[in-house]
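The values are calculated or read from the model by the stated rules, or taken from the named source; none is laboratory data. Note that this is a predicted model, so its numbers are computed, not measured. When we count neighbours, we look across all protein chains shown, and the Cβ atoms used for this are built from the backbone with ideal geometry, even at glycine.
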Amino acid sequence: MGRKILHLADLHLGYKPHTLGDGAGLHQQQRDTLLTRIVSWVLEEARDEVGLLLIVGDLFESPHPAPGLVESVIRELSRLVAAGIQVITIPGNHDELTYTDGVYRTHADRWPGRLVTHPRPHEVMVLEWDKVVVAVHSMAYIQSESPDSPVFPPVSGKDVFHIAAVHATLTDRLGGFIAEGDRALKVRFDDLSQKGFSYVALGHIHNGPLEWTTAGAAAAYAGAIEGKSYHDPGGAGLLLVDPSSRPPVLERRPINRHIIRNGIISLHEVQDESALERRILEWAGHNLQAEKYPRLTDFKGEVDFSSMALRIRLQGHAGFVLDIERIQARLAPRFLALEIRVEDPAWDLGDWTRWKNEETLRGAVVRTAMEKIGAAAHEEERRFLTEAAAVALRALHVATQEGNVTR
């Protein structure tokens, strides 16, 4: 039997991606089968390691997930219980226990393992693994019943590995990152470690890995494994906690199928569209397989990008006519999803190749600029003309917004 804790949180099963274009449907399938993959990994590869699965909130995206998804989750957790692996599920704030018709209330009598339902901190489970005794303390947020800053009572027993498991913001480590109106419980690592807790198992913050240690104690957010979007990319991996030492040893293992990345490329570094396409692929290859391609220029072009959703932001001015739609059309089939954005405001308004056909002042500016750029004798002149056209387009946009000119 295993002697480690698999700490999960923020799977957000049932979330529907909105920003990954044609790859959104496939990504949702991978997200919703994540728990199945995790359980299979435990039973097939880590059965001798894992003795407890600890889910610290937001297993589901909402308190009312699809019935088929609920049945799948119950079936997978039951596989672990049948194999002798303990399971503790703690509701979060997306799938909170407040709702009387929510998933955890309607399925409480058949939920595998231990479902935390008490609105205040209490001892949930005690496990004895050879010479290691593990005690898990937790609570479930219930609106109007749970305090915003719950107080975990002090614990005792030097031979007991006490865990405070809570879906919360760790205010003494993340105080500067708490968003106004953050709807989550709030706890302090220093307070919990001084009360005798050896590990603070956290959910709620997706970025990672976020881990802290003091003398004899550790705190960590499990983090999101399969991301939601470019703003919430995931990639935290599985978090294994070894309670045989103080502070405990924390180990991350990859399991995500899809990789979501955000990149920045300077247009000053490329000479034409072909070079820009090459740089995008170099960036993606380096980021996807950093060990194989430690430098951008090491990329040879043979990487499979079908598991990567990539957003590239282009900065600066191009010294050539830039057709974003054409580049995207050529590269997108190689990726799960690809989005290319130009951060220069003149380009954000649209694409020059579309504007040139307009019978407008903007169309006239673009036609003139493209003609002069195409006839430029050298690179420096092309760059100067491109930047000058961008300045003119910005000024035209401002004047249009202020009502001083009709585009």
* Asked: Just wondering, is there one or more residues in segment 64-75 that are hydrophobic (A, V, I, L, M, F, W, C), closer than 17 Å to Ala224 by Cα and assigned by TED's automatic domain parsing to the domain that holds Leu97?
  -> no
* Structure fact -> Selection over segment 112-147 where residues are part of a strand (DSSP E or B) and not hydroxyl-bearing (Ser, Thr, Tyr) yields a count of 16
* Quickly run through segment 53-89 and pick out the residues that are aliphatic (A, V, I, L, M) and under 19 Å from His118 (Cβ atoms). => Leu54, Ile55, Val56, Leu59, Val87, Ile88
* Does segment 302-322 contain any residue that is within 21 Å of Ile260 (Cβ to Cβ) and at pLDDT below 85? -> yes
* To do: Mind listing whichever residues of segment 232-245 are outside any strand (DSSP E or B) and in contact (Cβ under 8 Å) with a residue 40 or more places away in the chain?
  => Pro243, Ser244
* If you take the residues in segment 2-17 that are over 14 Å from the mean Cα position of the chain (by Cα) and not basic (Lys, Arg), which one is surrounded by the fewest Cβ atoms within 10 Å (Cβ to Cβ)? -> Gly2
* Asked: If you check Arg79, Arg120, Arg37, Arg47, which single one turns out to be farther than 16 Å from Leu6 by Cα and either free of Cβ contacts under 8 Å to residues at least 24 places away in the same chain or out of contact with any Phe, Trp or Tyr (no Cβ under 6 Å at 6 or more places or on another chain) (or both)?
  -> Arg120
* Would you tally the residues in segment 118-149 being crowded, with 16+ Cβ neighbours inside 10 Å and closer than 24 Å to Val187 by Cα? => 14
* Asked: So which residues in segment 96-114 are within 28 Å of the chain's Cα centre (by Cα) and among the polar types (S, T, N, Q)?
  -> Thr98
* Scan of segment 181-221 for residues that are among the aliphatic types (A, V, I, L, M), crowded, with 19+ Cβ neighbours inside 10 Å and part of a strand (DSSP E or B), ordered by number -> Leu185, Val187, Val200, Ala201, Leu202, Ala217, Ala218, Ala219, Ala220
* To do: Just need a number here: residues in segment 246-280 that are within 27 Å of the chain's Cα centre (by Cα) and in a loop (DSSP other than H, G, I, E, B).
  => 7
* To do: Can you tell me which residue within segment 264-286, out of those that are closer than 16 Å to Ser307 by Cβ and in contact (Cβ under 8 Å) with a residue 40 or more places away in the chain, is surrounded by the most Cβ atoms within 10 Å (Cβ to Cβ)?
  => Ala284
* Asked: Out of all the residues in segment 18-46, which are of a type in the set (Lys, Arg) and either crowded, with 20+ Cβ neighbours inside 10 Å or on the phi > 0 side of the Ramachandran plot (or both)?
  -> Arg31
* Asked: Within segment 176-193, is even one residue under 22 Å from Val249 (Cα atoms), in contact with a Ser or Thr (Cβ under 9 Å, 6 or more places away or on another chain) and among the polar types (S, T, N, Q)?
  -> yes
* In segment 115-152, what residues are among the charged types (D, E, K, R) and more than 27 Å from the chain's Cα centre (by Cα)? -> Arg120, Glu123, Glu128, Asp130, Lys131, Glu145
* Among the numbered criteria (1) at pLDDT below 80; (2) in contact with a helix residue (DSSP H, G or I) (Cβ under 8 Å, 6 or more places away or on another chain); (3) exposed (fewer than 12 other Cβ atoms within 10 Å of the Cβ), which single criterion is violated by Glu380? -> (2)
* Which numbered condition trips up Gly223, out of (1) farther than 24 Å from Arg37 by Cβ; (2) in contact with an Asp or Glu (Cβ under 8 Å, 6 or more places away or on another chain)? -> (1)
